[in-house]
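First the structure, in the form of C-alpha cells, and then the observations on it.
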Amino acid sequence: AHNRLLVFARQPVPIQVTGFGCPCSTGLKTMHYRFSDPYRAGGYEQIVYLTSLIRWNPPLSEIPITALPFTYNGYITFGSGNHLFKLNSKVIRVWAEILQHLPTAKLHLKNQQFNEPDTCHYLREQFASYGIAQDRLLLTRGSTQQAHLEFYQSLDIALDSFPYSGGITTCETLWMGVPVIGLNDHRSANAANSLLHKVGLPDLIAESSEIYIQKALELAQNIDYLAQLRQSLRHKLLNSPICDGVSFAREVEFAYRQMWQKWCHT
C-alpha cells in the first residue's frame with residue numbers, strides 16, 4: 001500500500017535498479033536491473049547476481065544457544081516465527097500432515113497477530129480440521145526483539161512458509177541454532193533456498209511438498225544430528241556471505257559502477 005512504483009514507471013533517472021526489500025520482479029520496462037543471487041528465480045529486469053542478496057546483522061546482545069528442547073521435553077517441537085500472512089491453506093495442510101505422522105510432536109508459532117483471540121481461534125480451527133488437537137498448537141504473542149530470539153530456544157526444527165518464505169526470520173532462526181526446512185518453488189520470493197545454500201545446508205531444501213514433509217520427518221528422527229546443528233549453525237551463519245557486510249557493499253558498489261559505465265558508453 002502507498003508504494004511509489006509509478007515514479008519508476010516515469011523513469012526520472014537514467015538507471016533504475018531494484019532488489020532490496022522486495023526481491024520480486026517489478027514488471028516494468030523502465031526498471032533496468034534487479035539484484036539477485038544464483039539461487040533465486042529470474043524476472044523481467046536484467047539480473048545482476050550478488051554472492052548473497054540478503055545481508056544480515058547479528059544481534060548485539062549475546063543470547064546463548066540452549067540445549068535441544070527434545071532432550072527435556074521428550075517430543076519434537078516444530079515452529080515458525082514468520083508473519084501470519086505467509087501461512088496459506090497449503091502451508092497449514094503440509095504442517096498438519098507432519099504432525100499427523102508424529103503424534104507427540106507440537107507446533108509452536110509466534111506472531112504479533114496472536115494478540116487477537118479471534119485470530120488464535122481461527123488458526124486452531126484450521127489445524128483442527130486436519131485432526132490436530134488444540135494442545136499441540138502453541139501460539140505466542142508479539143514481544144521485544146530479545147524475547148523474539150529467545151522464542152527460538154523452544155524449537156527443535158523450524159518449518160519455513162511457502163511460496164513466500166522467511167528472509168530475516170530464517171536468519172534469526174539459524175542464529176539460534178535451529179535448522180529450517182524450506183521448499184524451493186523456483187520463485188524469486190523464496191529466500192530460504194538461498195540462505196540454506198549459503199550456510200552449507202542445501203539438503204534441507206525440498207523440491208515439493210511431499211519431499212518437504214519427508215525431510216521434516218527424517219530430521220525429527222535424527223536427534224544426534226539436530227544436537228550437532230544446534231551447536232554449529234551460528235558459526236556457519238556468522239562465517240557465511242550473509243554476515244559479510246564489507247564484501248556485500250563492495251559487490252553492490254562495483255555493480256553500480258558497471259551499470260553507469262555501460263550507460264555512458266551507450
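The values are calculated or read from the model by the stated rules, or taken from the named source; none is laboratory data. Computed from a predicted structure; not experimentally measured. So basically every Cβ, Gly included, is an ideal-geometry build from the backbone, and we count neighbours across all protein chains shown. Heavy atoms of the whole protein, side chains included, go into the accessibility calculation; ligands, DNA and RNA do not. Shrake-Rupley method; radii C 1.70, N 1.55, O 1.52, S 1.80 Å.
Miscellaneous remarks
- Search result, residues across the stretch 206-230 that are free of Cβ contacts under 8 Å to residues at least 60 places away in the same chain and in contact with a Phe, Trp or Tyr (Cβ under 9 Å, 6 or more places away or on another chain): 206
- Filter result for residue 205 (open to solvent by 70 Å² or more (accessible area, probe 1.4 Å), under 14 Å from the mean Cα position of the chain (by Cα) and aliphatic (A, V, I, L, M)): no
- Residues in the stretch 144-170 that are at pLDDT below 95, of a type in the set (A, V, I, L, M, F, W, C) and under 17 Å from residue 196 (Cα atoms): 2 in all.
- Residue match in the stretch 225-234 (condition: modelled with pLDDT of 95 or more, among the charged types (D, E, K, R) and touching a Gly at 6+ places or on another chain (Cβ under 8 Å)): yes
- Single condition residue 175 does not satisfy, out of (1) at pLDDT below 95; (2) closer than 27 Å to residue 20 by Cβ; (3) of a type in the set (Phe, Trp, Tyr): (1)
- Residues being at pLDDT 90 or above and over 28 Å from residue 136 (Cβ atoms) are represented in the stretch 38-46 by at least one member.
- Those residues of the stretch 67-87 which are at pLDDT 95 or above and either of a type outside the set (Gly, Ala, Ser) or in contact with a Pro (Cβ under 6 Å, 6 or more places away or on another chain) (or both), in sequence order: 68, 69, 70, 71, 72, 73, 75, 76, 77, 78
- In a residue-by-residue description of the stretch 1-14, the property of being β-branched (Val, Ile, Thr), out of contact with any helix residue (DSSP H, G or I) (no Cβ under 8 Å at 6 or more places or on another chain) and assigned to a loop (DSSP other than H, G, I, E, B) applies to at least one position.
- Here is the figure for the stretch 142-181: residues that are in contact with a helix residue (DSSP H, G or I) (Cβ under 6 Å, 6 or more places away or on another chain) and surrounded by fewer than 18 Cβ atoms within 10 Å (Cβ to Cβ) total 1.
- Only a single item in (1) within 23 Å of residue 155 (Cα to Cα); (2) open to solvent by less than 100 Å² (accessible area, probe 1.4 Å) is not met by residue 255, and it is number (1).
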